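Please read the structure below before turning to the comments.
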Amino acid sequence: MKKQLTKAEEQIMQVLWDLQETSVKDVIEKLPIPKPAYNTVSTIIRILETKEFVGHKAKGRGYVYFPLIDKETYSNQSLHKIMNGYFDGSFKSMVSFFVKENKMDVAELESILKEVNKNK
């Protein structure tokens, strides 16, 4: 698995996953207030390039940045890391934990099962 993202890096990746190709300026526009400084976002994007999460191409006098890993792949890798780190690799244990912690009832579980079966 690629390296994990920090909270700030993940926030930038969320914008990149939404926009697909964008400039630092446009990333900043999509971030919540208080807006980070241009140099801060630019530095985080360079770190993401080093981690091989982001690529760039020249456009005019600047660059356009794009994700090299899709959101679904990263989400899947992150969930597996949580499952292996906290639930001894057991999907059943992880799901049971979330059901218990979120006080889900049988109807909600049945709804989830229907959705899973529909997507098979």
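The values are calculated or read from the model by the stated rules, or taken from the named source; none is laboratory data. Please read all numbers here as calculations on a predicted model, not as lab measurements. No Cβ is skipped: glycine too gets one built from the backbone with ideal geometry, and neighbour counts run over all protein chains shown. Note: areas computed on protein heavy atoms with side chains; ligands, DNA, RNA excluded. Shrake-Rupley method; radii C 1.70, N 1.55, O 1.52, S 1.80 Å.
Computed quantities for the displayed model
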| item | result |
| --- | --- |
| Alpha-carbon Rg with Dmax, taken over the chain, Å | 18.3, 57 |
| Solvent accessible area, Å² - Asp88, 1.4 Å probe, full protein context | 150 |
| For Val64, solvent-accessible area (1.4 Å; no DNA, RNA or ligand), Å² | 20 |
| Accessible area of the stretch 60-120 belonging to carbon and sulfur atoms, whole % at 1.4 Å probe | 56 |
| Three-way shape label, the stretch 23-69, alpha-carbon gyration tensor, a/c 1.5 | oblate |
| Centre separation in Å (Cα based) which lies between the stretch 1-62 and the stretch 99-120 | 35 |
| Around His56: net Lys/Arg minus Asp/Glu count, Cβ-Cβ under 15 Å | +2 |
| Computed helical MRE - 222 nm, the chain, DSSP H runs ≥ 4 contributing -39500 (n - 2.57), nearest 500 | -19000 deg cm²/dmol |
| Formal net charge of residues neighbouring Val27 (Cβ-Cβ distance under 15 Å; K, R +1; D, E -1) | -2 |
| Local net charge near Lys100, Cβ-Cβ under 15 Å (Lys/Arg +1, Asp/Glu -1) | -1 |
| The chain, relative contact order [Cα under 8 Å, separation at least 6], % | 21 |
| Tail weight of P(r) past 15 Å, computed on alpha-carbon pairs of the stretch 73-120, percent | 56 |
